[in-house]
Amino acid sequence: SDAPSLLQLRGFSVSYGPVEAVHEVDLDVREGEIVTVIGPNGAGKTTLLNAIMGLLPSRGQVQVAGEPVARPTVERMVARSVALVPEKRELFGEMSVEDNLLLGGFSRWRRGDRTQRERMQEVYAIFPRLAERRAQMAATLSGGERQMLAIGRALMAKPRLLMLDEPSLGLAPLIVREVLLTVSRLREVGVSVLLVEQNARAALQIADRAYVLEMGAVALSGAAEALLHDRRIIDTYLGLG
Ligand code: ATP
């Protein structure tokens, strides 16, 4: 595709003290794409997302929509319409689904602003299950529903790029499919996605392109469909079934 890069990383590296956890990563997420980063435990996937979001210091070049970000900070990345749903889905358990959503859009909320209500209707259209449960306490939702709420809450800020860290973590296989299918629908609302997953098969099935991260470096990248049929990927990451 010739679509311009929404996110472009060049020579992107992240260290914990003397230990380099992410090494010279080149990565692109183009407008409208779902891109997945797969790889084994400890490959640096979470570190990569956290550093892009500005939660960790990094080296290398970061561009969002063609504009360089000198040094990513959360504030700068939020201002450029980048959002992260971390692995730990930090919801407000004692608050309703709806209040959790409203808090997600807080930075853009103004008294009497109708945009938040409209945005909430869009989120409910993507996640009808949340609409049915709008008055329910977040703590009483199922694992899959909590993940949908975490994603929905991030969408309230109207990101152009949504980064998801292992949305399938701790979910039963059937629910994994359901959550990832909703992720694949985010394209329809103009959101591009950078998805970190250990569940390689499910991630490759919904993604356009994929990067395989091993020991902090990109070992392989390409069309998700091609990687699904790549012998090495099948043997190492897809196993049987
Ligand atoms: P997982 O799927 O298990 O979460 P991952 O691919 O997300 O793995 P990271 O969590 O990014 O991997 O970890 C990458 C490497 O960096 C690992 O070797 C890990 O031990 C190390 N690491 C992660 N966080 C820290 C930290 N705060 N301090 C030092 N080393 C860290």
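The values are calculated or read from the model by the stated rules, or taken from the named source; none is laboratory data. Bear in mind that the values here come from a model prediction, so they are computed numbers and not experimental data. Neighbour counts run over all protein chains shown; Cβ positions are idealised from the backbone, glycine included. When the accessible area is computed, the model is the full protein with side chains, heavy atoms only, and any ligands, DNA or RNA have been set aside. Shrake-Rupley method; radii C 1.70, N 1.55, O 1.52, S 1.80 Å.
Structure summary
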{"read-out": "The stretch 10-35: number of residues that are open to solvent by 40 Å² or more (accessible area, probe 1.4 Å) and β-branched (Val, Ile, Thr)", "value": "1"}
{"read-out": "Among (1) away from the ligand (no atom under 13 Å from the Cβ); (2) without any contact (Cβ under 8 Å) to a residue 12 or more places away in the chain - the single one Arg59 does not satisfy", "value": "(2)"}
{"read-out": "Qualifying residues in the stretch 62-91 (those that are more than 22 Å from Glu166 (Cβ to Cβ) and basic (Lys, Arg)) - the one surrounded by the fewest Cβ atoms within 10 Å (Cβ to Cβ)", "value": "Arg71"}
{"read-out": "Any chance Leu227 is under 22 Å from Val123 (Cα atoms) and surrounded by 17 or more Cβ atoms within 10 Å (Cβ to Cβ)", "value": "no"}
{"read-out": "Filter result for Asp2 (open to solvent by 10 Å² or more (accessible area, probe 1.4 Å), at pLDDT below 95 and more than 16 Å from the ligand (Cβ to nearest atom))", "value": "yes"}
{"read-out": "Candidate set from the stretch 16-35 (those that are within 13 Å of the ligand (Cβ to nearest atom) and touching a Leu at 6+ places or on another chain (Cβ under 9 Å)); member that is farthest from Val212 (Cα to Cα)", "value": "Tyr16"}
{"read-out": "Tally of residues being away from the ligand (no atom under 16 Å from the Cβ) and either out of contact with any Leu (no Cβ under 9 Å at 6 or more places or on another chain) or within 26 Å of Leu155 (Cβ to Cβ) (or both) across the stretch 215-241", "value": "10"}
{"read-out": "Top-ranked residue of the stretch 36-56 - restricted to ones that are open to solvent by less than 10 Å² (accessible area, probe 1.4 Å) and touching an Asp or Glu at 6+ places or on another chain (Cβ under 6 Å), ranked as nearest to the ligand (Cβ to nearest atom)", "value": "Ala43"}
{"read-out": "Matching residues in the stretch 151-178 - criterion: being away from the ligand (no atom under 16 Å from the Cβ) and buried (at least 21 other Cβ atoms within 10 Å of the Cβ)", "value": "Ile151, Gly152, Arg153, Ala154, Leu155, Met156, Pro159, Leu161, Leu162"}
{"read-out": "Scope the stretch 183-214; condition in contact with a strand residue (DSSP E or B) (Cβ under 8 Å, 6 or more places away or on another chain), open to solvent by 10 Å² or more (accessible area, probe 1.4 Å) and within 16 Å of the ligand (Cβ to nearest atom); matching residues", "value": "Gln198, Tyr211"}
{"read-out": "Qualifying residue in the stretch 110-119 (condition: of a type in the set (Ser, Thr, Tyr), out of contact with any Cys (no Cβ under 8 Å at 6 or more places or on another chain) and either without any contact (Cβ under 8 Å) to a residue 12 or more places away in the chain or surrounded by 15 or more Cβ atoms within 10 Å (Cβ to Cβ) (or both))", "value": "yes"}
{"read-out": "Residue identified as away from the ligand (no atom under 16 Å from the Cβ), open to solvent by less than 40 Å² (accessible area, probe 1.4 Å) and touching a helix residue (DSSP H, G or I) at 6+ places or on another chain (Cβ under 9 Å) among Glu94, Glu98", "value": "Glu98"}
